[in-house]
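S.K.: Handing you this structure, nothing more for now.
Every read-out reported here was derived from the displayed coordinates using simple, explicitly stated rules and does not represent laboratory data. The structure presented is a predicted model; accordingly, all values stated were derived computationally and were not measured. Cβ placement follows ideal geometry from the backbone for every residue including glycine, while neighbour counts extend to all protein chains displayed.
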Amino acid sequence: MLDAPQSYPCAVCDRPSVPRVHPGCQDRIKENLDALPSLYRQLAEALVPGRRGGDGRTATRSAPLPCSIEALDLRARGGIEGVLASWAADFYEREGWTLPQYGSVESAVSGYSGILVINLRLLCDEHPAIRELADEVRQVAGQARRVITGEAPPRKVPVACPCGRVLRVTLDTPGERCGCGQQYGHDELFRLPLAERRAA
């Protein structure tokens, strides 16, 4: 009789997994990395000033901002590019490789996301901070999608850890570590009781 392979908590979502990172989590990281260059380009449209009414006047009573500040932050050095560059640099430094430099922010976003996608299996198998990489890439991709579509950010729900601390999670939160050291996976988070609201 063959023994079932031993499973461990996924390094990203804490669900049982034979590989270090669950295949579904690895697919989601790849999807977000693959989407970032396109999202970066689409954010250029969000930089356009507010729409005008049909008679040539602005659609609002006050003057609109010259552009979307959030879109500008995501497209500037340190936005999407900064997230990808820091993870690519960390990976290359660990491997003892020289990180390529790119001339424009757009080429850096494409280049660094490509580096991370090509090396994703190695990152998932070995990188000690793969959960943080997955979270940062998911967050920046989600933020870019919300700016492009005009969607509101996900609502945070306060849940109570048995230690008394409050964790603020969304339906998309893959897992969370409380300050007391207790680690919760996605499903475990939503089994925690709602935190009591306090009067202001």
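S.K.: For segment 154-200, go through all pairs of different Cα atoms, get the mean of 1/r, take its inverse, and jot down that Kirkwood value in Å.
M.R.: Evaluated over segment 154-200, this radius sits at 10.8 Å.
S.K.: To continue, here is another question. So how strong a dipole does segment 8-152 carry about its Cα centre when Lys and Arg Cβ are +1 and Asp and Glu Cβ are -1, to the nearest 20 debye?
M.R.: Using only the charged Cβ atoms, the result is roughly 560 debye.
S.K.: Oh, and also: Where does the chain land on Rg(C-alpha)/(2.2 N^0.38 Å)?
M.R.: Normalised Rg, Cα atoms only: 1.24.
S.K.: Provide the packing ranking of 76-83, 162-169, i.e. peptides ordered by the mean count of other C-beta atoms within 10 Å per residue, highest first.
M.R.: Ranking, from highest mean packing down: 76-83, 162-169.
S.K.: Using 0.36 nm per residue, how much length does the chain from Ala129 to Glu45 gain when fully extended, once their Cα-Cα distance is taken away?
M.R.: Result: 26.9 nm gained on full extension.
S.K.: Which length gain, in nm to one decimal place, applies between Ser104 and Leu171 when the Cα-Cα distance is subtracted from 0.36 nm times their residue separation?
M.R.: 20.6 nm
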